[in-house]
Amino acid sequence: MGRPPLPAAPGHRRPVLVMGDRLSDCSLYVAPRAGLADPAACPWRLVAGVADGVTAFATSHDTLYLVSHRDAPRSRVLAVPLAVPDLSRARVVVPAGERAVETVRVVGDRLLVRDLDGGVSRVRHVLLSGGEPADLPLPVDGAILEWTTHPERPEALLLVAGWTDAPRLYRYDGQSLQDTGPAPRSPVDFGDVQARTLHVPARDGTPIPLTVIHHKDLELDGDNPAVLTGEGSYGIIDLPWFRPEMLAWYERGGVYAVAHLRGGGAYGREWHEAGRGERKEATITDFIDCAEHLIALGYTRPGRLAGEGVSAGGIPTGGALVRRPELWAAMVMHVPTVNATRTEFTESGPVNVPEFGSVTTEEGLRDLLIIDAYLRVHDGVPYPAVLLTTGLRDARVPPWQPAKLAARLQAATDPGRPVLLRVEEHGGHGAGSTRDQEHALLADVLAFVLHASDGS
């Protein structure tokens with residue numbers, strides 16, 4: 001998909017044309033501004049092709065700054081002169097490291113670099129003239145929800161939030177961040193709630209980031225109700241987001257944990273590729289390993305632990321349900337992908353083939369059979385309580401998928417353990433739900449989890 005030329009900032013003599021989309025690498029072309037007068041004859045010059053792995057860029061005067069994952073699994077920042085855009089002679093501005101470089105912005109005489117570090121946003125800044133990148137401390141250990149710059153002003157605005165911190169707007173002046181003040185303070189006090197990130201050793205030795213949120217006075221006695229959630233697909237990042245409606249859960253002694261699974265984007269493209277296609281089962285085993293870690297540390301126990309997943313989060317939750325049913329008091333799956341071998345035949349199914357594989361090839365079918373929860377349900381197994389949700393207008397994961405798993409589980413397991421299908425008559429895949437619908441769903445989910453957690 002092509003995009004029109006981006007307008008060059010004042011003083012920039014060469015606009016940049018982007019060819020690509022937000023889900024793929026892009027090609028970049030530059031041309032003299034004067035050449036735009038005759039589009040048919042405009043001498044566009046290729047700077048970077050798809051093979052160069054460029055995912056983001058910024059311009060300053062006559063320099064183009066590129067984020068590229070070519071020869072750098074977690075990406076790096078390169079600089080090339082627009083007048084002679086030879087990528088083979090690019091200067092490395094920010095070398096590859098442990099963090100995944102996400103995007104860049106030019107602010108005055110500095111370059112702002114936004115990183116991903118295990119599902120948390122980090123920021124560095126570096127002089128355009130050169131030097132070592134320096135960390136720019138954020139006011140909270142959280143996420144940059146939005147950031148914006150202006151080509152004629154040496155400043156940036158960053159909207160920052162955390163698991164226990166409501167969004168606040170901060171101004172960057174080239175040196176540090178200052179609270180701008182206009183965002184209203186949240187009336188919900190999270191002062192007694194804390195979030196921390198653990199690193200769980202997966203069965204292959206890879207450290208998996210696991211964020212755990214709970215009341216500061218929580219006792220690690222193994223008797224706390226807990227919800228473990230995760231998705232791990234499409235490179236999606238489970239960034240911190242403030243949910244004031246969860247305060248009642250924490251005040252009741254509940255634990256909420258977010259597993260930053262392989263297949264997601266916690267460390268950029270490398271993390272995505274590590275849980276994609278033939279490596280997709282790692283997403284499931286990571287989820288199980290995180291559950292076992294929570295139990296081992298005393299946050300909860302099998303009789304009080306629930307899993308939760310949304311959409312493609314049905315793969316780790318469904319996979320954990322059928323592989324380790326004894327770990328869970330309950331499993332909650334929202335609009336879930338649970339019948340992977342049939343997904344590509346749905347309306348939106350073909351776009352999932354690059355992520356999960358296709359039944360039209362031997363290796364693709366083998367990979368899909370591994371992650372298909374429906375096909376791995378067995379009669380007589382004591383599965384935990386299960387709540388599946390769907391919307392009758394869901395065009396992405398059609399209602400028959402969760403309905404099919406609900407029926408199979410009801411037939412296979414002890415009728416004393418409920419298997420419920422919650423249907424929103426006017427609902428879709430979740431986006432666009434009203435606040436009342438969201439709150440009603442959360443109340444149902446937490447009530448279901450508490451009831452299943454030893455009936456407390």
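At-a-glance table
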| quantity | calculated |
| --- | --- |
| Odd one out for LEU368, checked against (1) of a type outside the set (Phe, Trp, Tyr); (2) out of contact with any helix residue (DSSP H, G or I) (no Cβ under 6 Å at 6 or more places or on another chain); (3) under 16 Å from GLU281 (Cα atoms) | (2) |
| Answer residue from region 150-180, given it is among the β-branched types (Val, Ile, Thr) and surrounded by 19 or more Cβ atoms within 10 Å (Cβ to Cβ) and is farthest from THR103 (Cα to Cα) among those | THR164 |
| Residue check, GLY309 in contact with a Gly (Cβ under 9 Å, 6 or more places away or on another chain), surrounded by fewer than 18 Cβ atoms within 10 Å (Cβ to Cβ) and closer than 21 Å to ALA452 by Cα | no |
| Residue in region 400-410 that is surrounded by fewer than 19 Cβ atoms within 10 Å (Cβ to Cβ), under 22 Å from LEU305 (Cβ atoms) and touching a residue at least 60 places away in the same chain (Cβ under 8 Å) present | no |
| Members of region 290-325 found to be of a type in the set (Asp, Glu) and within 19 Å of the chain's Cα centre (by Cα), listed by number | GLU308 |
| Test for ARG243: is it charged (D, E, K, R) and either surrounded by 19 or more Cβ atoms within 10 Å (Cβ to Cβ) or under 27 Å from GLU98 (Cα atoms) (or both) | no |
| Of all residues making up region 196-245, the number that are closer than 16 Å to LEU450 by Cβ and without any contact (Cβ under 8 Å) to a residue 24 or more places away in the chain | 0 |
| Some residue of region 353-371 being closer than 30 Å to ALA440 by Cβ and surrounded by fewer than 22 Cβ atoms within 10 Å (Cβ to Cβ) | no |
| Top-ranked residue of region 247-275 - restricted to ones that are touching a Gly at 6+ places or on another chain (Cβ under 6 Å) and part of a loop (DSSP other than H, G, I, E, B), ranked as farthest from ILE236 (Cα to Cα) | GLY275 |
| Selection count where residues are in contact with a helix residue (DSSP H, G or I) (Cβ under 6 Å, 6 or more places away or on another chain) and of a type in the set (S, T, N, Q), scope region 262-291 | 1 |
| Count - residues of region 79-125 that are in contact with an Asp or Glu (Cβ under 6 Å, 6 or more places away or on another chain), charged (D, E, K, R) and over 23 Å from GLY263 (Cα atoms) | 1 |
| Within region 422-456, considering residues that are aliphatic (A, V, I, L, M) and surrounded by fewer than 17 Cβ atoms within 10 Å (Cβ to Cβ), the one modelled with the lowest pLDDT | ALA431 |
| Region 408-426: number of residues that are polar (S, T, N, Q) and in a loop (DSSP other than H, G, I, E, B) | 1 |
| Residue in region 61-110 that is surrounded by the most Cβ atoms within 10 Å (Cβ to Cβ), counting only those that are more than 21 Å from the chain's Cα centre (by Cα) and among the polar types (S, T, N, Q) | THR63 |
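Per-residue answers, yes or no, for (1) among the aliphatic types (A, V, I, L, M); (2) modelled with pLDDT of 95 or more; (3) in contact with a Pro (Cβ under 9 Å, 6 or more places away or on another chain); (4) farther than 30 Å from THR229 by Cβ:
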residue: ARG45; (1), (2), (3), (4): no, no, yes, yes
residue: ALA58; (1), (2), (3), (4): yes, no, no, yes
residue: ASP86; (1), (2), (3), (4): no, no, no, yes
residue: ASP115; (1), (2), (3), (4): no, yes, no, no
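For (1) in contact with a Gly (Cβ under 9 Å, 6 or more places away or on another chain); (2) part of a loop (DSSP other than H, G, I, E, B); (3) small (Gly, Ala, Ser); (4) over 12 Å from TYR29 (Cβ atoms), each residue gets a yes or a no:
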{"residue": "VAL47", "(1), (2), (3), (4)": "no, no, no, no"}
{"residue": "ALA51", "(1), (2), (3), (4)": "no, no, yes, yes"}
{"residue": "ALA56", "(1), (2), (3), (4)": "no, no, yes, yes"}
{"residue": "THR59", "(1), (2), (3), (4)": "no, no, no, yes"}
{"residue": "LEU64", "(1), (2), (3), (4)": "no, no, no, no"}
{"residue": "ALA72", "(1), (2), (3), (4)": "yes, yes, yes, yes"}
{"residue": "VAL77", "(1), (2), (3), (4)": "no, no, no, yes"}
{"residue": "PRO85", "(1), (2), (3), (4)": "no, yes, no, no"}
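Every residue, every condition in (1) of a type in the set (Lys, Arg); (2) more than 22 Å from the chain's Cα centre (by Cα); (3) assigned by TED's automatic domain parsing to the domain that holds THR346, yes or no:
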| position | (1), (2), (3) |
| --- | --- |
| TYR383 | no, yes, yes |
| LEU388 | no, no, yes |
| ALA407 | no, yes, yes |
| ALA411 | no, yes, yes |
| ARG422 | yes, yes, yes |
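The values are calculated or read from the model by the stated rules, or taken from the named source; none is laboratory data. Bear in mind that the values here come from a model prediction, so they are computed numbers and not experimental data. All Cβ positions, even for glycine, are placed from backbone atoms using ideal geometry, and neighbour counts span all protein chains on display.
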